[in-house]
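The structure under discussion appears below in the form of C-alpha cells.
Taken together, the values in this text are just the output of simple stated rules run on the coordinates, not laboratory data. Note that the structure is predicted; figures quoted are calculated from it, not measured. Ideal geometry is used to build each Cβ from the backbone, glycine not excepted, and the neighbour counts take in all protein chains shown.
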Amino acid sequence: MTTQKILSPYTFPRTGITVPNRAVLAAMTNKQSHADGSLSEDELSWLSARAAGGFGIVTTCAAHVSPDGQGWEGELGVFDDALLPGLTRLADALRSGGAVSLVQIFHGGVRAPSRLTGQQPFSASAFKLDAEGFEAPREATVEDIERTISAFAAAARRCAEAGFDGVEIHGAHGYLITQFLGTVSNTRTDEWGGSLENRARFVRRILTATREATPDDFLIGVRFSPEVSDQGVELDDALTLATWLAADGVDFLHVSNWDSFKPPEKHPDSEKLLTTWIREAIGPETPLIATGGVWTPAEAEQVLEHGADLVGLARAAIGNASWPREAARADWEPARPPYTPEHLRDAALGEAMLEYMRRWPGFVTDGR
Ligand SMILES: Cc1cc2nc3c(=O)[nH]c(=O)nc-3n(C[C@H](O)[C@H](O)[C@H](O)COP(=O)(O)O)c2cc1C
C-alpha cells in the first residue's frame, strides 16, 4: 500500500495556488452558526481543527448567498457585508492552520423552507416531489433569477474580501442550481428551461458573474452530482455540463459521488466507476475533486487512480480531525462510527453539531 500521492502537493494550473496535499475537507452543514448567519466559536473551532489536522483544502458548510436561500438552522451566511468580521476571522484561522480555504456558496431554492426565510420558496418551476416536508415552490421570475445570480457574485466578492482562497458553487444534491438542471424540477419554456443549454444557463451565468466579481487569483469551482434521479438530472447531461464548465474556465470541478466505488446508476454493469466517467468526459486538464465513501488512505489512493486530482472526505473527517496527518503513518486505520459524544467533542464538534450527527443513523453511540 502506498499513501504517497494523496499526501503530495497539487498546484491549480490557472491561479498557481498550491495545496500542501490532496485531501479536501468536503462541505459539511454543521448547524453551528448564529441565527443571523454569523460565525460562532464552535464553527470556527470545528473548521480550524481540520486545517490544523492537515487538510490541504478546508471547505465551509453550504453558506447561503441571500436570506431567501437559507436551508437549515445555524447555517453560515455570506449574504451581507455585516458578516465580514466573522468570515475574515475564519479565513485567517484557516490560512494560519496551513490550509487553502473555500466557502461553499449556495441557494436552497425549494429546500429553503418558509419557517427560516419567512416566504414561500421559489424554484425553477412550481414542481412537486413526494418527499417528507416538501413545501410547494413558486416558479422563479426572471427578476428572481437575475437577483440570485448577482447574490452569488456578491457573496464570492465578499469571500475574497474576507481573505478566502476561493469559492465552491454548490450545484449538487438537489438545491437551486440542481433544480434548474433537472427536467423534473425545471419545466420552464423560456431561455431558462427546456434544452440542456437553457437549464445549464443559470449555473454558467453564476460562474461568469462570480469570476467578474472576484480577483484573478481567486479559485472558483463547481460541485455537481452525476445523477439526481428524483429531479431529472441524468448522467449524460451531467457529463455535458461538466465539459461546458471546463470550457468556461472553471478552476475545478467537484463530483459528489456519495459512493466512489460504484458505477453510474445508468450503467450498473460498467467497469468504469463514477470518477472515471467524469474524467474521461472533461479530459486531462481540468482539476477534479471526487468525494464519497472514502475512509482509508488506501481508498483515497484508489480514487486518485480513478482520475481525481484531489479527494474529498466528509464523514471520515468528523471523527478523524487530523486524517491527513495520521495518513502519513503506514499502519493507521481511521476511527469509524458509532462514536461516543466524548470522542466527537474531542474532535472539536460543538453541541449543535453533535445533536445534528445524532440524527445520522449509527453515527453517535447515543443517537438514532
Ligand atoms: C453532516 C454532513 C453534512 C453535509 N453537508 C453538506 C453541505 O453542506 N454541502 C455539500 O455539498 N455536501 C454536504 N454533505 C455531503 C458531503 O460533502 C459528502 O459529499 C458526502 O458525505 C459523501 O462523502 P463521505 O462518504 O466522505 O461522507 C454533508 C455530509 C454530511 C455527513
**Request:** Pull up all non-local amide H partners of His254: gap of 5 or more, or a different chain, and H-to-H distance under 5 Å with H placed in the peptide plane.
**Result:** Val222, Arg223, Phe224, Ile289
**Item:** Length-normalised contact order for the chain - Cα pairs under 8 Å, 6+ apart - percent
**Value:** 17
**Message:** Can you tell me which lysines have their Cα less than 26 Å from the Cα of Lys128? Leave out same-chain residues fewer than eight positions away.
**Reply:** Lys266
**Request:** Quick one: grab the alpha carbon gyration tensor of the chain, order the square roots of its eigenvalues as a ≥ b ≥ c, and give me rounded if a/c is under 1.5, else prolate or oblate depending on whether a/b is larger than b/c.
**Result:** rounded
**Message:** Rounded to the nearest 20 debye, what is the charge dipole size of region 56-169 about its Cα centre when +1 sits on each Lys and Arg Cβ and -1 on each Asp and Glu Cβ?
**Reply:** 160
**Item:** Candidate aspartates and glutamates for bridging to Lys5, where Cα separation is under 14 Å - those fewer than 8 sequence places away on the same chain excluded
**Value:** Glu299, Glu301, Glu305, Asp309
**Asked** Which order, highest average first, do 305-313, 55-63 follow once you tally other Cβ atoms within 10 Å for each residue and take the mean per peptide?
**Response** 55-63, 305-313
**Request:** Would you mind working out the magnitude of the charge dipole of the chain relative to its Cα centre, with +1 at each Lys and Arg C-beta and -1 at each Asp and Glu C-beta, to the nearest 20 Debye?
**Result:** 280
**Message:** Test of understanding: in a Gaussian network model of the chain with alpha carbons linked when under 10 Å, which of Pro264, Pro337, Pro226 would top the mean-square fluctuation ranking?
**Reply:** Pro337
**Asked** How high is the relative contact order of region 180-233, in percent, counting Cα pairs under 8 Å that sit 6 or more residues apart?
**Response** 43
**Fill in**
Amide H neighbours of Val103 at under 5 Å, excluding residues fewer than 5 places away on the same chain, with H built from the backbone geometry, are Thr60, Gly166, Val167, Glu168
**Complete:** Per the charge dipole of region 5-336 (beta-carbon charges, Lys/Arg positive, Asp/Glu negative, Cα centre), the residue among Ala328, Phe122, Leu239 reaching farthest to the positive end is Ala328
**Prompt:** In whole Hz, what ³J(HN,Hα) sequence does region 262-270 give by Karplus (6.51, -1.76, 1.60; θ = phi - 60°), x for Gly and Pro?
**Reply:** 10, x, x, 4, 5, 10, x, 9, 5
**Asked** Summing +1 for each Lys or Arg and -1 for each Asp or Glu, what net charge is found among the other residues whose Cβ lies under 11 Å from the Cβ of Asp80?
**Response** -1
**Request:** Place +1 on the Cβ of every Lys and Arg and -1 on the Cβ of every Asp and Glu in the chain, take the dipole about the Cα centre, and give the residue among Thr88, Thr178, His254 whose Cα lies farthest towards its positive end.
**Result:** Thr88
**Asked** For the chain, what is the calculated [θ] at 222 nm in deg cm²/dmol (nearest 500), taking -39500 (n - 2.57) for each run of four or more DSSP H residues and dividing by its residue count?
**Response** -10000 deg cm²/dmol
**Complete:** Note on region 175-324: contact order normalised by length, alpha-carbon pairs under 8 Å, 6 or more apart, percent, works out to 17
**Asked** For Gln70, which sequence-distant residues (separation of 5 or more, or a different chain) have an amide H within less than 5 Å of its own amide H, given hydrogens modelled in the peptide plane?
**Response** Gly108
**Request:** Work out the charge dipole of region 5-336 with +1 on the Cβ of Lys and Arg and -1 on the Cβ of Asp and Glu about the Cα centre, then indicate which of Phe106, Ile282, Thr11 is farthest towards its positive end.
**Result:** Thr11
**Prompt:** Where both residues lie in the chain, what percent of DSSP beta bridges are antiparallel, nearest 5?
**Reply:** 10
**Prompt:** Which lysines have a Cα less than 18 Å from the Cα of Lys262, not counting those fewer than 8 places away in the same chain?
**Reply:** Lys272
